[in-house]
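Everything on this sheet refers to the single structure shown next.
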Amino acid sequence: MRTLIVHYTLRDTLSNTKKIMSMFADKVKGELDWLDLGHDFPDYFTEENLGAYMKRNYMKQELTTEEKKSIEKMDKMTEQIKKADVVLLAFPLYNFSMPGAVKSWFDSILQKGETWDMGGNGYIGLMKDKKALIFMTSGGVYSGAMKAWEHGLSLSETLFKFMGFSEIETFHAEGLAFGEPKISEEFKKAEEKINLLTEKWYK
């Protein structure tokens with residue numbers, strides 16, 4: 001089993017997201033790769049790299065040396081996820097959605113012909129037999145009246161489904177701005193979820 005942990009945890013030791021992520025990392029068996037989006041920042045789409053991507057993946061044309069260089073980081077991140085059996089994505093909710101770095105990561109790896117494609121019946125996910133776990137933390141509570149305001153966890157789950165992941169699990173540690181005992185309660189729930197999944201996935 002090869003596991004890729006992708007995270008955006010800028011607050012380091014103060015980050016509740018990082019603390020929960022570490023619980024999972026401690027249970028992983030097999031090879032473990034890391035991608036810290038706060039330090040290895042994904043490329044935004046630009047005129048150059050978007051043009052190169054469209055030229056290669058849609059029009060099936062050869063790229064120049066400069067064009068290949070413009071999507072080098074995107075290709076590297078795509079290869080990381082293609083090699084993984086399990087992917088953990090961990091991030092905090094920012095302004096009702098995922099941080100920009102996380103969205104840029106998805107934009108980098110959602111490559112036609114690599115992680116998804118198109119067939120006679122529509123879209124085809126190419127990441128079959130892979131598993132994903134999404135951890136999101138938030139200061140507020142979005143499981144009740146504000147559910148419609150949450151676009152981080154829901155979008156992440158949609159994008160993993162689009163790529164064809166066979167099993168997708170999510171965990172939202174919410175209400176952390178309320179302090180103790182709410183934080184301890186959410187951490188306990190996270191630990192229970194982690195124990196259940198790691199026993200199932202890493203036999």
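The values are calculated or read from the model by the stated rules, or taken from the named source; none is laboratory data. In this text, all values refer to a predicted model and were calculated from it rather than measured experimentally. Neighbour counts run over all protein chains shown; Cβ positions are idealised from the backbone, glycine included. Quick note on the areas: whole protein, heavy atoms, side chains included, nothing else; ligands and nucleic acids left out. Shrake-Rupley method; radii C 1.70, N 1.55, O 1.52, S 1.80 Å.
Label sites at Lys83 and Ser166, each approximated as a point 7 angstrom past Cα along Cα to Cβ, lie 2.2 nm apart. Averaged over its residues, the range 132-203 has an accessible area of 51 Å² per residue, based on protein heavy atoms and a 1.4 Å probe. Loop-resident chymotrypsin sites (Phe, Trp or Tyr not before Pro) (DSSP state other than H, G, I, E or B) in the range 92-140 with no more than 15 further Cβ atoms inside 10 Å of their Cβ: Phe96. Overall, the anisotropy analysis places the range 1-62 in the oblate class: the square-rooted eigenvalues a ≥ b ≥ c of its C-alpha gyration tensor yield a/c not less than 1.5, with a/b not exceeding b/c. In terms of packing, defined here as the mean over residues of other Cβ atoms within 10 angstrom, the peptides 4-12, 53-61 line up highest first as 4-12, 53-61.
For the chain, the carbon plus sulfur part of the accessible surface works out to 52%, probe radius 1.4 Å.
All C-alpha to C-alpha distances of the range 128-203, sorted into 10 Å bins beginning at zero, yield P(r) values of 17, 43, 33, 8, 0 percent in whole numbers.
In order along the range 167-183, phi translates into HN-Hα couplings of 9, 10, 10, 10, 8, 10, 8, 10, x, 6, 5, 7, x, 6, x, 4, 4 Hz, rounded to whole numbers, per the Karplus curve 6.51 cos²θ - 1.76 cosθ + 1.60 with θ = phi - 60° and x for Gly and Pro.
Entry for the range 27-175 at q = 0.13, 0.14 Å⁻¹: log10 I(q)/I(0) = -0.65, -0.75, Debye formula applied to identical alpha-carbon scatterers, no solvent contribution.
If I take R0 = 25 Å and measure r between the Cβ atoms of Thr13 and Glu72 in this structure, what FRET efficiency does the formula 1/(1 + (r/R0)^6) give, to the nearest 0.05?
Using R0 = 25 Å, I get an efficiency of 0.20.
Between the Cα long axis of helix 16-25 and the first principal axis of the chain there is an angle of about 80°, rounded to the nearest 10.
Label-to-label distance, Glu62 versus Leu110, with points set 7 angstrom from Cα along the beta-carbon direction: 3.2 nm. Estimated from the Cβ-Cβ distance and a Förster radius of 45 angstrom, the FRET efficiency linking Lys55 and Tyr202 is about 0.65. For helix 153-162, what angle does its Cα long axis make with the longest principal axis of the chain, in degrees from 0 to 90 and rounded to 10? Roughly 40 degrees, rounded to the nearest 10. The residues of the range 18-114 have, on average, 53 Å² of accessible surface per residue, using a 1.4 Å probe with all protein chains present. Given R0 = 35 Å, the distance between the Cβ atoms of Met118 and Ser184 translates into a calculated FRET efficiency of 0.15. Beyond 19 Å in Cα-Cα separation lie none of the pairs Lys130/Lys161; Lys68/Lys112; Lys76/Lys112; every one falls at or below that value.
Summarise the long-distance tail of P(r) for the range 79-159 by giving the % of C-alpha pairs beyond 18 Å.
Here the tail beyond 18 Å accounts for 48 percent of pairs.
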